[in-house]
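Here is the structure we will look at, set down as structure tokens.
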Amino acid sequence: RILGLLSTLCLSSQAGRAFVRAHPLSLPAIVRTLLLVSDLANELSVTILWCLLCTSDNNNNNNNTPDPALAHHASHLGASQKLLVVAQMDCPAITKKRINDLLKELRRVASSSSPGHSFRNNTSQRLL
């Protein structure tokens with residue numbers, strides 16, 4: 001029931017998304033419910049994550065990209081792996097589209113802020 005409420009809250013307004021983003025345990029709880037409860041819970045969790053990570057509510061953000069810190073946090077919680085498994089399950093096309101958008105966003109954030117990425121480049125340059 002709470003996932004349905006959060007999904008409606010996130011889809012309906014900017015204030016609803018801000019409210020969910022502001023709670024420190026919301027993202028871990030949503031990621032944790034992926035693959036644990038039911039197919040409907042998976043769909044609702046994907047919708048909530050999509051609203052939080054793939055929509056921008058920041059008026060100061062000129063390029064209309066969401067908060068990278070939130071996506072980085074989701075990535076550390078294992079959202080990418082769980083989303084890949086949910087994508088292989090039988091779910092509606094809109095859910096698969098949202099998973100695709102989420103994975104693109106998580107990959108973009110991981111590649112732009114990964115300290116290992118710069119380490120690999122520095123190491124490979126030293127080896128040459």
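A few points about this structure:
- Packing rank of 93-106, 40-53, where each peptide gets the mean count of other beta carbons within 10 Å, highest leading: 40-53, 93-106
- From phi via Karplus (6.51, -1.76, 1.60), per-residue ³J(HN,Hα) for the stretch 5-22 in Hz, x at Gly/Pro: 5, 5, 4, 5, 4, 6, 6, 7, 7, 5, 5, x, 5, 5, 4, 5, 4, 6
Bear in mind these aren't lab numbers, they're just calculated from the coordinates by the rules spelled out. These numbers were taken from a predicted model, which means no experiment stands behind them. Counting neighbours? That spans all protein chains shown, and the Cβs are built from the backbone with ideal geometry, glycine included.
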